[in-house]
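Scroll down for the structure; my scribbles are underneath it.
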Amino acid sequence: MRLDYLSIFPDYLAPLQLSLPGKAVASGLLDLHVHDLRQWTHDRHHTTDDTPYGGGAGMVMKPEPFGEAFEALEVGAGDTVVFTTPSGQPFDQRVAEDLATRSRLVFACGRYEGIDQRVIDHARSIAEVREISLGDYVLNGGEVAALAITEAVVRLLPGFMGNAESLVEESHAEGGLLEYPVYTKPRVWRDREVPDVLLSGDHGRIAAWRHDQAVRRTAERRPDLLHPSALDDGTPIVRAGRGDAEELLTLQRACWVQEALANDLLDIPALHEGLDEVRDWIGTWETYLVRRAGRLVGAVRARLDGEVWEIGRLMVAPDLQGQGLGRALLDHVQAVAPAGATSYALVTGGRSERNLRLYKKAGFRLRRDLAAPVGAVTLTKAR
Ligand code: SAM
């Protein structure tokens, strides 16, 4: 992955050469370039800011140095320009996973009152643009945010971490739970003992204990991560990550073979998707899933299209259908619709009797007046 940083304080980014990113640069995994934005100024004082049009306090970063920098660095199609800004998308593990799939990230670090809006609009016309916030607070500049985003992203690159499993098990990883408590030697420290189960050597019991601890901790500290719905037995419905793609693909194939047979249609696109396509849509659709005893048994995805919360890929493992899992996922995905959604829409096979029953029971209405792929029908419901 190639990483470029545009900043008027390039020294701020010196830590990039330390620790793990430094090693990754040495090994060739990362190609890292920090640029002083002032090299693309032409006045004696290397000015990068000016007063805001319309008045107001503070200064605004001028567009010209950024424009010249993009040209000099040949930023273009296939590149992603990241503007760090408190008004951007909140940064989280899902965004990190998404950015980790890009081949080049160019970080534009703001200062003062921010960057002239035309720089962002221009960048969007030549490359992909992401506006990302580190959190709901205001920093002095974008460099710290760029460092944090870099660290979270590069540790997800294949080959970066010595032990890839540690990525799967940590907080905010695939299950969306916080991590369970961890212990190391000695067994007893200041009269405090390591929990017995961890010394038992029974991997099944250890995994179950850790899962239980992770759910408890998440419920206590970050109940927002558990989402409003869980199955009746308390099994959480969690956000999917790209690491779930392989299992989702297996579930999808099983479910869509059923759909294809029920509708006598072999060209359903979901039936023919590969791993890369599933990975891609996990990044762009909000995807939720349910595991039972570690096995992925149900999933659903949704995304906002204007004011419509578009729901799709509701899947339940064939051996568990008819037990309410599909309805629980459908209720959940409606409950998490963003504030801007005024209706729900979904598409299903015109002859998928079981699905049609489920959707109608959940309040969806058949809409023959709306477009649907061949052999399918659209259903909608007001929020
Ligand atoms: N006037 C801006 C506003 O209210 O949105 C804040 C400007 S801030 C003082 C200067 C720069 O710091 C921003 O352009 C941005 O690059 C960076 N910055 C500040 N807070 C940030 C945050 N929470 N996440 C990401 N970048 C941030």
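If you scan region 95-129, which residues turn out to be of a type in the set (Lys, Arg) and either open to solvent by less than 20 Å² (accessible area, probe 1.4 Å) or under 24 Å from the mean Cα position of the chain (by Cα) (or both)?
Scanning region 95-129 gives Arg102, Arg104, Arg124.
Residues that are modelled with pLDDT under 95, at least 3 per element: which helices (runs of 4 or more DSSP H) completely within region 12-108 meet that?
Filter on region 12-108 gives 19-26, 93-99.
For region 129-171, which residues satisfy the criterion of being more than 16 Å from the ligand (Cβ to nearest atom) and modelled with pLDDT of 95 or more?
Of everything in region 129-171, nothing turns out to be more than 16 Å from the ligand (Cβ to nearest atom) and modelled with pLDDT of 95 or more.
Determine whether Glu74 is touching a residue at least 12 places away in the same chain (Cβ under 8 Å), open to solvent by 30 Å² or more (accessible area, probe 1.4 Å) and more than 22 Å from the chain's Cα centre (by Cα). Can you show your working first?
Values: touching a residue at least 12 places away in the same chain (Cβ under 8 Å): no; open to solvent by 30 Å² or more (accessible area, probe 1.4 Å): yes; more than 22 Å from the chain's Cα centre (by Cα): yes.
Answer is no for this residue.
Quick test of your reading of the structure: Glu310 fulfils all but one of (1) of a type in the set (Asp, Glu); (2) part of a loop (DSSP other than H, G, I, E, B); (3) closer than 22 Å to Arg383 by Cβ. Name the failing condition by number.
Just one mismatch for Glu310, condition (2).
List every residue pair whose Cβ atoms lie under 6 Å apart, where the two residues are 6 or more positions apart in sequence or sit on different chains, the first residue falls within region 110-129 and is in contact (Cβ under 8 Å) with a residue 24 or more places away in the chain and farther than 20 Å from Gly141 by Cα, and the second residue, located anywhere, is within 11 Å of the ligand (Cβ to nearest atom) and open to solvent by 70 Å² or more (accessible area, probe 1.4 Å).
Final answer for the pair search is none.
Please go through region 130-164 and pick out each residue that is in a loop (DSSP other than H, G, I, E, B), open to solvent by less than 30 Å² (accessible area, probe 1.4 Å) and within 23 Å of Leu37 (Cα to Cα). Write out each step before concluding.
Within region 130-164, the first condition is being in a loop (DSSP other than H, G, I, E, B), and the residues that meet it are 134-142, 155-164.
Now narrow it down to the ones that are open to solvent by less than 30 Å² (accessible area, probe 1.4 Å): 135, 141-142, 157, 160.
Listed by number, the residues that qualify are Gly141, Gly142.
Considering Thr41, Thr85, Thr48, which residue is open to solvent by less than 60 Å² (accessible area, probe 1.4 Å) and away from the ligand (no atom under 16 Å from the Cβ)?
Thr41
When region 1-11 is examined, which residues are found to be part of a loop (DSSP other than H, G, I, E, B) and within 25 Å of the chain's Cα centre (by Cα)?
The answer is Met1, and nothing else.
The values are calculated or read from the model by the stated rules, or taken from the named source; none is laboratory data. Since this is a predicted model, take the numbers as computed values, not measurements. Cβ sites come from the backbone with ideal geometry, for glycine too, and all protein chains shown count toward neighbours. All accessible areas refer to the heavy atoms of the entire protein, side chains included, with ligands and DNA or RNA removed. Shrake-Rupley method; radii C 1.70, N 1.55, O 1.52, S 1.80 Å.
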